[in-house]
1. Taking the conditions exactly as written (modelled with pLDDT of 90 or more and surrounded by fewer than 16 Cβ atoms within 10 Å (Cβ to Cβ)), does residue 470 satisfy them or not?
2. Does residue 64 qualify as being at negative phi, modelled with pLDDT of 95 or more and among the polar types (S, T, N, Q)?
3. Could you count how many residues in the stretch 314-324 are surrounded by 15 or more Cβ atoms within 10 Å (Cβ to Cβ) and more than 8 Å from ligand 1 (Cβ to nearest atom)?
4. Suppose we keep only residues that are in contact with a helix residue (DSSP H, G or I) (Cβ under 9 Å, 6 or more places away or on another chain) and assigned to a loop (DSSP other than H, G, I, E, B) within the stretch 190-204. Which one would you say is surrounded by the fewest Cβ atoms within 10 Å (Cβ to Cβ)?
5. Scan the stretch 369-400 residue by residue and report those that are open to solvent by 20 Å² or more (accessible area, probe 1.4 Å) and either in a loop (DSSP other than H, G, I, E, B) or not assigned by TED's automatic domain parsing to the domain that holds residue 447 (or both).
6. Please give the number of the condition residue 290 fails out of (1) within 16 Å of ligand 2 (Cβ to nearest atom); (2) not in a strand (DSSP E or B).
7. Quick check on my filter: what residues within the stretch 456-479 are more than 15 Å from residue 497 (Cα to Cα), touching a Leu at 6+ places or on another chain (Cβ under 6 Å) and not hydrophobic (A, V, I, L, M, F, W, C)?
8. Could you count how many residues in the stretch 285-313 are open to solvent by 30 Å² or more (accessible area, probe 1.4 Å), at positive phi and within 12 Å of ligand 1 (Cβ to nearest atom)?
Amino acid sequence: MVMNLISLTRKLVHQVKNSSLNQIRFTLENPNQMYLLCSRSMSVGKVNCNSKENDLELELASEQDNQDIHDYEELVHKMHLLPDAGHQVAILQPFVKWGPKKNLLTTPDLMLEEAKALIDSLPNWKCVDSIKIPVESLEKKNVFGSGQFEDLQKKIVRNPNISAVFISTNILRGIQRKELMMAFGVPIFDRYSVVLQIFKDRARTREAKLQVAFAEIPYLRSCLVGLQKGTKSNLPVDNTNRGSRGGGGESVYDSQIHLLDRREIKIKKELEKLSKKRTLLKCERKKREFPVVAIVGYTNCGKTTLIKSLTGDSKITPRDALFATLDVTVHGFKLPCNLTVLLVDTVGFISNIPVNLIAAFNSTLRDAIDADVLIHLQDVSHPDLKNQVATVKDTLLQLNIDSTKPMIQVANKIDKMTLEQLEDFSDLQISAKEGDGLEELVESIQIKLLEVTNRRYLRLMVLSGGTEYSWLHKEATIIKYTNTRDPQYLALDVLVTPSTYGKLRSNFPNIRVLTAK
Ligand SMILES: Nc1nc2c(ncn2[C@@H]2O[C@H](COP(=O)(O)OP(=O)(O)OP(=O)(O)O)[C@@H](O)[C@H]2O)c(=O)[nH]1
Ligand SMILES: [Mg+2]
């Protein structure tokens, strides 16, 4: 079967390559075959499928696209100044000493610790020095006060082991980046660009990769513009006409900006296509009325571990790393009442990065936004808990998630806490890793879901093997069967959605209802 698919894929690709078109549509009979075919042919071309029409669309990139992809990769590498051997990073952790911009929920030490964890998350990157620096605001042209700045400059320039500086702040303005880069003589990263590198490293699916690229383009554009305003020879922007590809005297800077514009349009189109496919799948899911529970929370709080513990899926592999999960994934799970729900694992949130980087995962996060119930999972053993909880609430708000959406607050990692420490938490307490408290959590999910989806509980008397029996089997969630005194009849405990209840009443007006809630 697999071999057949591989040879079929090769044949299709060959056909496309040898045609003058760069796009061909095929109709396949078996949708499963189509999906397998898709995953196997990703490397040779772009394959889209329309699950409704069983259409397969195979598209090879045009020469212009291929050239753009190549130039874009080169530009990204140049802009981020990423050596293959990684970076030896000096972390500068600014913190506002006082005033309204001071973050009262965290401490400079905790901020620095997270900055180090971010750097450690990148393969081949390591922290070689770290300094906390009190500042009045983060708005200055070179971020720091003048005395501080000179000291830092000496320290960094004199240390040959430092190959990059990470200013652990939200996002630097182009002009700040330029100033710091020229003073320190090494590439400068902010939280946005570091998290972007982590996302690029972690993205596995085509959609995640496209979403990261889409978030990267405005960032690259602002860096190019910032660097353009005062270019020096060691910076990656060249304003001459040498090597210009655009023709007609277009400067390298202009052609780089045009390249970004073209990539942005292309990626946006591809994302829109994928988003349409996702909507189709969602409609299918809605039709079957599977309720959805999404788990959200700060990165590394244990979301994936919880899904693994609930579903027992051995293929899920949680990792002790920031942003281990980048692709929103969906997992089926049966509640004690036999109702199948879909559990959605989501990308973790983090403080102090522009929310648009998380929002880049908008179409995938939609699954979470549209969920019937949200679980806000919290690592209560983490010293920065308050800041993490506030960040998650703020991020949900910025992602326009309806504040009235039913949400269950869950305290995780209680195995790392003493009983006295746990007295402060009134929420549901669990250890996703050890399995403590999971029964209570499942119970709460069930109660909440039945409530928000307006499902009704019914006890019905039906003829064993009769038409009502088979109909209910297909349309309702059967909780249990009980034998009755009459061996021909069964008592069925079922859950029905409001629409199924309506159909039941009209299809079987004489059905015996023993209990209805
Ligand atoms: N001790 C303890 N460790 C846990 C618990 N739950 C998760 N962990 C650990 O925490 C780390 C992160 O777990 P994940 O499940 O990957 O966390 P996540 O929220 O999915 O992280 P991201 O996908 O990066 O946002 C892993 O090392 C887990 O083993 C728990 O209840 N107790
Ligand atoms: Mg995860």
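1. When the stated conditions are applied, residue 470 passes them.
2. Numbers: at negative phi: yes; modelled with pLDDT of 95 or more: no; among the polar types (S, T, N, Q): yes.
In short, no.
3. Adding up the residues that qualify gives 1.
4. Ranking the qualifying residues of the stretch 190-204, first place goes to 203.
5. 370, 372, 381, 382, 383, 400
6. (1)
7. Of everything in the stretch 456-479, just one residue is more than 15 Å from residue 497 (Cα to Cα), touching a Leu at 6+ places or on another chain (Cβ under 6 Å) and not hydrophobic (A, V, I, L, M, F, W, C), namely 464.
8. 1
The values are calculated or read from the model by the stated rules, or taken from the named source; none is laboratory data. Just so it is clear, the model here is predicted, and its values are computed rather than measured. So basically every Cβ, Gly included, is an ideal-geometry build from the backbone, and we count neighbours across all protein chains shown. Each accessible area value is taken on the protein alone, full model and side chains, heavy atoms only, with ligands, DNA and RNA left out. Shrake-Rupley method; radii C 1.70, N 1.55, O 1.52, S 1.80 Å.
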